[in-house]
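Heads up, the thing below is written out as structure tokens.
The values are calculated or read from the model by the stated rules, or taken from the named source; none is laboratory data. Because the structure is a prediction, the values reported are computed rather than measured. FYI the Cβ positions are ideal-geometry reconstructions off the backbone, even for glycines, and counts take in every protein chain you see. Just the protein is used for accessible areas: all its heavy atoms, side chains included, with ligands, DNA and RNA removed. Shrake-Rupley method; radii C 1.70, N 1.55, O 1.52, S 1.80 Å.
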Amino acid sequence: MARWDELWVDTHLATMAPAGGGYGAVVDGALAVQGDRIAWVGPRADLPGVPDQLASRVTSLEGAWLTPGLVDCHTHLVFGGHRAAEFQRRLQGESYESIARQGGGILSTVDATRAASEDLLTTAATARLAALHAGGVTTVEIKSGYGLNLDTELKMLRAARRVADSFPGTVRTTFLGAHAIPKEYQGRADDYVDVVCRQMLPAVVEAGLAEAVDVFCERIAFTPAQTATVFDAARSTDVAVKLHADQLSDSNGAALAARYGALSADHLEYASAEGIQAMAEAGTTAVLLPAASYFTHADRFPPIDRFRSAGVPMALATDCNPGSAPATSLVLMLNLACTLFRMTPEEALAGVTRHAASALGLSDRGTLELGQRADLAVWAIDEPAELSYWIGANPCVGVICGGQRVLTRPAAGGHADRPRPA
Ligand code: DI6
Ligand code: FE
């Protein structure tokens, strides 16, 4: 009797297991799945028998690399409309922040999202997720935050959950009611925070629509004190906290996130040395969003050297949103993180696998190790650094979710000549 459902051979593995360091690479490896779990992983030469007798099905990957399925741990995938007009204003020299201060920016997407039906939001987000998935993503986080009233925040979160229905991977949802101060509450931000805490958060939790709560702590959004009020409200629920911190200015966001034991603090261009130290001590993951830095012509990048020397895990995500990062390729983020932030290709791949899973509080994925969920991506590459090297190519040729092959696609970009699985 075969022990495993499927055994993948003729492959190289970037296990991303923490023990080995770097990619945890296994050249000429093999990986077996049983049910939705990884049942065996290692060098092919160490297999405890003949492949055909070990598994019901043996599949050759013809020299392709396997990595953990990618985790996009910070997106705003559900939104109405787009902001191409704002993009052109920024190209003329206006800043992201000044457009936001004039009532554009996030608030213009709030108008479009309030006007959109739940069906339309679901359809648009499904298409964006399909693009991420074709690039190897098997787990995605989706935030609300373009409703800023109870009905629309719930509508967004329901749309995010409906996107999950047609996605073979995993969707985690985050309530970001405190993303901007809605027009109805201009000059009365504390009153809006009160609504977020007393009305919206309880309703979201009651409906079971979010695993985490997030706040945009920034001089154009919510103060550290208002952020703390939202996090205090979250304490009486079972949702985790995350924070948009120190993106445009140092608001002490990193330290605040750490103080509340946040899963992650995200953006962090202006994070202070003290904030980074606090994150290290609290075990808070830094989620870095290179598309936002790139697309808004950010005047500074996150202090990578400081995260590195403090031992703060660095995750990478698309931040897919209509204002600061209309990006639907997580692989492209590896290139941007290496080129702009000078992360290494090893750090970049760890950032979209192991550390991205940590940023979502998920310990069952992000590495190719025994017992982990069998979420895998198959790549037509000669070495893992190629994932960071190509600009805008998609070397992903297959995706496996929970042990099931869910996507096979032709190599595109620079990879058409590579061996790839049938
Ligand atoms: N920071 C960001 O980069 C996104 N949200 C946030 O708090 C941008 C959202 C937008 O501009 O629509
Ligand atoms: Fe964001």
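The table below gives the values:
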item	result
Unit Cα scatterers, Debye sum, the chain: log10 I(q)/I(0) for q = 0.10 Å⁻¹	-0.65
Cα-based shape type of region 86-244, given that a ≥ b ≥ c are square roots of the gyration tensor eigenvalues and the cut on a/c is 1.5	oblate
Helix-only [θ]222 nm of the chain, DSSP H runs n ≥ 4, -39500 (n - 2.57) each, per residue, nearest 500	-9500 deg cm²/dmol
Packing-based ranking, highest mean first, of 244-254, 354-364 given that Cβ atoms within 10 Å are counted	244-254, 354-364
Share of carbon and sulfur in the accessible heavy-atom surface of the chain [1.4 Å probe, %]	51 percent
Accessible area (Å², per residue) of the chain, counting only protein heavy atoms and a probe of 1.4 Å	37 Å²
Calculated diffusion of region 252-339, Stokes-Einstein form, Kirkwood radius summed over Cα pairs, 10 °C and 1.306 mPa s, µm²/s	122 µm²/s
Residue (of ALA271, ASN252, GLY208) at the positive-pole extreme of the chain, dipole from beta-carbon charges	GLY208
Where the Cα pairs of region 1-90 fall when distances are cut into 5 Å bins, in %	3, 12, 18, 18, 12, 7, 5, 6, 7, 5, 3, 2, 1, 0
Whole-angstrom gap from region 147-215 to region 116-131, using each part's C-alpha centre	17 Å
Rounded Å value of the spacing that divides the Cα centres of region 356-389 and region 55-114	21 Å
Nearest-20 debye value, the chain charge dipole, Cβ charges on Lys, Arg, Asp, Glu	440 debye
